[in-house]
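Colleague: My questions will all concern the structure given below.
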Amino acid sequence: MTRPGLTRTAVFLATAVASWGLLVAATSVPENLSPGTLADRDYRARFAASVEDRDKTAADEEEAAAAVLDVYEHRGDIEDEVYEQLEFVVGAVKDGVIDTSVTPTTFPEPTPSPSTTAGVPSETTLPSTSTTQAELVEATGWVFLDVDADGEFSGAPDAGLDGIGVLLSLNGGAAQRVETQSDGSWSSMVAPGNLVVTIDGDDPDWPAHLGLSTANARQELDCTSECETAAMGYRPLVRSIDEQVAELSQSYSTLKPTTLQTLAVFGTEDVARSALGQDLYLDAVKQAATLRLQTEFAASIAPEDLLEVGSRLFTNPPVVFVGGERDVQAGEAAADLANLVLAANYLIDSQATELARQEARDAVEPTLVGYAAQQYIVREGEQLQQIDIDAINQTGAATGQAQQEWGMLAVISVLVAVIGFYLGKFRPDIWNRPRMIALLGLLIVLSALAVRGTIEMQAIIDDPSAWYLLPGVAVGLMAAILFDARIGLLVALGIGALAATGTRDPGVAVFALLAGMIPIGFVSSLASRKAIRNAVVFSSLAAAVIAGAVAWFFHTNPDENPTQTVLTSAGWAFGASILTALLGLAILQFFESAFDVTTSLRLLELGDRNHEALLLLQEEAFGTFNHSLMVGTLADAAARAVGANPLLAKAAAYYHDLGKTEDPTMFIENQFGMNNPHDDLPPEQSVEIIRRHVTAGVELARKYKIPPEVAEGIVTHHGDGIMRFFFERARARYGDENVNPDDYRHVGHKPQSAEMAIVMLADSLEAACRAVFQEEDPTPMAIEKVVDRVVDEKINDGQLSESSLTLDQLNRVRRAFLDSLVGHYHQRIPYPNFPGS
C-alpha cells in the first residue's frame, strides 16, 4: 500500500474509533435502571470485575469525617471585646450615679483689681511694706466635704478637702491664693482691713460633681483684730441609691439585685472618695472582674464551657478588698459582672475542621465488591441498589449491551467506509489530498462530540426539548465552507446517522440531518461578510422551525397541548445554533491554517484592496494593478454565469500578474511616457523577461501566503501558449528554420479548472480590448468580435483542453464577457464645449 493509502486508512480508522468512543461513553448505562426500581429480569455478570460500592464507600467516608474532632482556634479579638464591654458597664454605673438635674457649683469672682490679668489672680499678694509684722492679722478658714449634705461639719463621714485654692482679696486689692491643708483648713497673715474670701474657680484640681452645701461661697470680713471665716461645705451631686438601682436593672436585667445595690452604693461613695483622693471601690470591683476573666480566658473557654465557667464564678467569686478589708458582696458583684460579659474565646474553626474531615474522607479506601463471570447480580423483582446498577454496567450484564456497543462500532465503521467510497469514486480532488481527508474525519469526530454533548445536556435538563441543543447547523456550516455543498451534504448525512446511533431517537436523527443541510444553501452563495452573517441567522431561524415541527411530531403526546414543547424546542434550537455557528466561524481560521484550506472567508480576505500584496502591486505597477482589477471584474461575471466559484476566480485574477512588480516597466501597461525597452532587446531576451513574471509571481505568492488555489492563476493565466509578438519578431529576424516555437512559450501549464480557464480568457481579453480600442470605437459589435477572437484563439491553441468548461459554458462565458465590456465601454453623452466633444 502506498504512503497516501496508509494515511487515508489510518485517518478512517481513527475517525471511526474516536466517534465510537465518544458515543459509547454516552450510552453505556441502561436508561431503564435507577436506584429503588425493581429489576425487570435476572442480571448476570458477563465477565469478572471489581465494582465499587459507592453507597458503602460514602457511608464510610462520612463515618470517618464524623470521628474527626472539631478544630478550635483562640480568639483574642473576642477577649478584647469582653474587656471593652466590662469597661462600658462600669462606666454606665458611674454615669448613673451623678445627679444631672442639679447645676454644678459656680464660683463667685473676687473683687476685681488692676493687678488681676484676664481674670487670673496673682499667685501671691504680700502685705504692704508700711505694715509691721505686729500689725498683721491671721485669717483662717476651712473647706470640707459635706458627705451627708446637712450643711454642717458633723464628723465622719464629713472630711476636710485638701489642696483647695482659696482667694483672699484685701480692701479691693489683688487676690492672694492659699491652699487648704490635709484637714481642709487654711490660714494666711493679712493686713487689717476688709477681706473678701472665695474659692478659686479656675483650680484644675477642683473635685468633680460637687455642689455647695453652705450659704457662704463669698464671705466679706472686717479683719481688724482677728479674722476667722465660716467653714465652706460642698456635697456630692449624686442620685438616690433606689433611682440608680431601678435604672441599672432596666439595662442589665440579668444582674442580681444585690449586685445592682452594691454597684450603686460603691458608685455613690466613689464620688466623695474621688474628691478626697482615695481609692475607688468600683475600680476595685472592675479590676477583680478583669483579673478573673483573664484567668478563665487563659484556660480557654469553649461555647459548651460557658455554663460551667459561670457557675464557677459564683461558687468561687473573686476576692475584693474595700477599705482594707475583704468585702464578700463586692466579690459577688465582680463575679456577676464577669458573668454578664463572659464569652467563649475558643471557637470552632469551621474551615480547618472541614479540611480535616475531608482529609479523613479522602483517606478512606473504596469498598470494592468482586463479581465473577456468570454470577447473579440481582434477581427479577428485587429492588435495585446503586451497587447493582454499577455492577450491571461494568460487567456487561445488561441485555445486549456488549452487542450494542460492537454494533454501534459496526454502524460507524460502515458510515466512514461509505464516505471513503464516495470520495474515492467521485471526489479525487479530496481523495488525493490526505490533509483534506483528515479534516473531513475531524468534522465527523466533532459531529460525534456534538451528539455526545447533547446527550449529556439532555440528561441534565431532563426534558425532550433539550435534544434540540444539537449544533447541527454549526457542523453543516463548517463543512460547506471548508469544502463545498456536496461534502456539506455528506457531513449532514453523517451527523444524522451519528445522532440516530447515539440517541436511538428518530426525532433527533431527523433534526440533526435537516439542521446540517440547512446552511448549505446559504453558504453556496457567500460573497461578502454580510452574507456570512445572514447565513448564520437564517440557518438558525430555519433550525428553530425544523425543531418545532420535529418536536411536535416526535416528542409530544396526542392528548397534550404541544405549544410549550414546540416553542421551547424552537428556542433551544435557535439559541444553540446561532451560538455554535458563531463559534464554528471563529475556529475556521485554525482549520484553514492547519489544513491549508482555501475557504470563502479566506477568499474574501484576499479580495480586500488593503491586502499587502495588492498594495504592493498598486504601488510598484499601477497599470498592472488596474489591469488586474478589470480582469477580476470580468472573471467574477463569467464565473457566476457558469456556476463556478466567483470568489476564487476574482482572487486569482487580482494576483495573476503579481510577479510584474519585480520589473514593472518591462510591461507595456506600466510604461507611462517612455519608450518600450523591448524595442532595443533581442526577442529571446524579452521572452526571458516576460517568463520571469510567472516564476517571480509564484515566489511572491509564497511570501505573502497566498493559497495554492489562488496562486494557480499565476501559473495558468498564460498556459503554455506562445508569446506571439516576440515569436513573430524572432522569425522575422532569424528566419523560420532558426526559430523553435517551444523557446517562445510561457513557463506555465494549461488551466485545469473552470475558474483558472476563465482567468486566462479574461486576462487575454482585457489586454486585447485595451490594445484594440485605443484606435477603434468600442461599439458592442466591435467588442463582440474581440471576445470571439480571443476565446476562439485559446480554443484553437488547445489552452482550454484540460479545463472542465463545456461548449455551453463557453458560450455563457462569452455573453458574460460581452455584457461586462459593453457596460465598461458604454457610450457617453457629448457635453457642449467640453474638450474632445
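The values are calculated or read from the model by the stated rules, or taken from the named source; none is laboratory data. Quick caveat, the model's predicted, so the values are computed rather than measured. Cβ atoms come from the backbone with ideal geometry, glycine included; neighbour counts cover every protein chain shown. The area values use the complete protein model at the heavy-atom level, side chains included, leaving out ligands, DNA and RNA. Shrake-Rupley method; radii C 1.70, N 1.55, O 1.52, S 1.80 Å.
Colleague: Has segment 155-178 got at least one residue that is of a type in the set (S, T, N, Q) and within 15 Å of Tyr234 (Cβ to Cβ)?
Modeller: Going residue by residue through segment 155-178, those that are of a type in the set (S, T, N, Q) are 169, 171, 176.
Those left that are additionally within 15 Å of Tyr234 (Cβ to Cβ): none.
No: segment 155-178 contains no residue that is of a type in the set (S, T, N, Q) and within 15 Å of Tyr234 (Cβ to Cβ).
Colleague: Something else: Any idea which residue in segment 550-591 is modelled with the lowest pLDDT, counting only those that are polar (S, T, N, Q) and within 37 Å of the chain's Cα centre (by Cα)? Steps first, please.
Modeller: Let us first name the residues in segment 550-591 that are polar (S, T, N, Q), namely 556-557, 561, 563-565, 568-569, 577, 580, 589.
From what is left, the residues that are within 37 Å of the chain's Cα centre (by Cα) are 563-565, 568-569, 577, 580, 589.
On the way: Thr563: 88, Gln564: 89, Thr565: 88, Thr568: 92, Ser569: 92, Ser577: 93, Thr580: 93, Gln589: 81.
Looking at residues that are polar (S, T, N, Q) and within 37 Å of the chain's Cα centre (by Cα), I get Gln589.
Colleague: Pairs please, first residue from segment 46-71 and among the basic types (Lys, Arg), second anywhere and part of a helix (DSSP H, G or I) and crowded, with 16+ Cβ neighbours inside 10 Å, Cβ atoms under 8 Å, 6+ apart in sequence or on different chains.
Modeller: Arg54/Gln386; Arg54/Ile387; Arg54/Asp390; Lys56/Ile387
Colleague: Residue check: is Ser465 open to solvent by less than 10 Å² (accessible area, probe 1.4 Å), polar (S, T, N, Q) and in a helix (DSSP H, G or I)?
Modeller: Numbers: open to solvent by less than 10 Å² (accessible area, probe 1.4 Å): yes; polar (S, T, N, Q): yes; in a helix (DSSP H, G or I): yes.
Yes: the conditions hold for Ser465.
Colleague: Among the residues of segment 726-747, are any under 21 Å from Ser803 (Cβ atoms), at pLDDT 85 or above, in a loop (DSSP other than H, G, I, E, B) and β-branched (Val, Ile, Thr)?
Modeller: yes
Colleague: Tell me, please, whether a residue that is aliphatic (A, V, I, L, M) and more than 30 Å from Ala58 (Cα to Cα) can be found in segment 390-408. Step through it out loud before you land on a result.
Modeller: To start, the set of residues in segment 390-408 that are aliphatic (A, V, I, L, M) comprises 391-392, 397-398, 402, 408.
This time we only want the ones that are more than 30 Å from Ala58 (Cα to Cα), so: 408.
There is at least one residue in segment 390-408 that is aliphatic (A, V, I, L, M) and more than 30 Å from Ala58 (Cα to Cα).
Colleague: Is segment 578-591 home to any residue that is part of a loop (DSSP other than H, G, I, E, B) and loosely packed, with under 14 Cβ neighbours inside 10 Å? Can you show your working first?
Modeller: Here is the first cut: in segment 578-591, the residues part of a loop (DSSP other than H, G, I, E, B) are none.
For segment 578-591, residues part of a loop (DSSP other than H, G, I, E, B) and loosely packed, with under 14 Cβ neighbours inside 10 Å: absent.
Colleague: Filter segment 670-681 down to the residues that are more than 60 Å from the chain's Cα centre (by Cα) and loosely packed, with under 14 Cβ neighbours inside 10 Å, then identify the one that is modelled with the lowest pLDDT. Even if it seems obvious, please write down each step before you answer.
Modeller: Just the residues of segment 670-681 that are more than 60 Å from the chain's Cα centre (by Cα), to begin with: 673-681.
Next, only the ones that are loosely packed, with under 14 Cβ neighbours inside 10 Å stay: 673-676, 679-680.
Values: Gly673: 71, Met674: 76, Asn675: 78, Asn676: 76, Asp679: 77, Asp680: 76.
By that ranking, first place goes to Gly673.
Colleague: Then there is this: Considering only segment 801-837, state which residues are open to solvent by 70 Å² or more (accessible area, probe 1.4 Å), among the aliphatic types (A, V, I, L, M) and modelled with pLDDT of 85 or more.
Modeller: Leu807
Colleague: Moving on. Looking at segment 396-410, which of its residues are of a type outside the set (Gly, Ala, Ser) and either at pLDDT 90 or above or open to solvent by less than 10 Å² (accessible area, probe 1.4 Å) (or both)? Give the derivation first.
Modeller: Taking segment 396-410 as the starting set, the residues that turn out to be of a type outside the set (Gly, Ala, Ser) are 399, 401, 403-406, 408-409.
Of everything in segment 396-410, just one residue is of a type outside the set (Gly, Ala, Ser) and either at pLDDT 90 or above or open to solvent by less than 10 Å² (accessible area, probe 1.4 Å) (or both), namely Met408.
Colleague: Another question, if that's okay. Which number in (1) part of a loop (DSSP other than H, G, I, E, B); (2) open to solvent by 20 Å² or more (accessible area, probe 1.4 Å); (3) over 17 Å from Glu152 (Cα atoms) marks the one condition that Met189 misses?
Modeller: Status for Met189: all satisfied but (1).
Colleague: Name the pairs: first residue in segment 701-728 and free of Cβ contacts under 8 Å to residues at least 60 places away in the same chain and closer than 16 Å to Ser764 by Cα, second residue open to solvent by 60 Å² or more (accessible area, probe 1.4 Å) and in a loop (DSSP other than H, G, I, E, B), Cβ to Cβ under 7 Å, at least 6 apart or on different chains?
Modeller: Once the first residue is free of Cβ contacts under 8 Å to residues at least 60 places away in the same chain and closer than 16 Å to Ser764 by Cα and sits in segment 701-728, its partners that are open to solvent by 60 Å² or more (accessible area, probe 1.4 Å) and in a loop (DSSP other than H, G, I, E, B) give Val715/His749; Thr716/His749.
Colleague: So how many residues does segment 634-669 have that are over 50 Å from the mean Cα position of the chain (by Cα) and charged (D, E, K, R)? If you could, list the steps in order and put the result at the bottom.
Modeller: First pass over segment 634-669, keeping only residues over 50 Å from the mean Cα position of the chain (by Cα): 634, 638, 641-642, 660, 662-669.
Retained after the next criterion (residues that are charged (D, E, K, R)): 660, 662-663, 669.
Qualifying residue count for the region: 4.
Colleague: Taking the conditions exactly as written (more than 24 Å from Pro464 (Cβ to Cβ), open to solvent by less than 60 Å² (accessible area, probe 1.4 Å) and either among the aromatic types (Phe, Trp, Tyr) or in a helix (DSSP H, G or I) (or both)), does Gly548 satisfy them or not? Walk me through it before giving the result.
Modeller: Details: more than 24 Å from Pro464 (Cβ to Cβ): no; open to solvent by less than 60 Å² (accessible area, probe 1.4 Å): yes; either among the aromatic types (Phe, Trp, Tyr) or in a helix (DSSP H, G or I) (or both): yes.
Spelling it out, it is not the case that Gly548 is more than 24 Å from Pro464 (Cβ to Cβ), open to solvent by less than 60 Å² (accessible area, probe 1.4 Å) and either among the aromatic types (Phe, Trp, Tyr) or in a helix (DSSP H, G or I) (or both).
Colleague: Only one of Ala450, Ala459 is in contact with a helix residue (DSSP H, G or I) (Cβ under 9 Å, 6 or more places away or on another chain), open to solvent by 10 Å² or more (accessible area, probe 1.4 Å), under 26 Å from Thr568 (Cβ atoms) and at pLDDT 90 or above. Can you tell me which? Quick ask: steps written out before the conclusion?
Modeller: Values: Ala459 fails: at pLDDT 90 or above.
Being in contact with a helix residue (DSSP H, G or I) (Cβ under 9 Å, 6 or more places away or on another chain), open to solvent by 10 Å² or more (accessible area, probe 1.4 Å), under 26 Å from Thr568 (Cβ atoms) and at pLDDT 90 or above holds for just one of Ala450, Ala459, which is Ala450.
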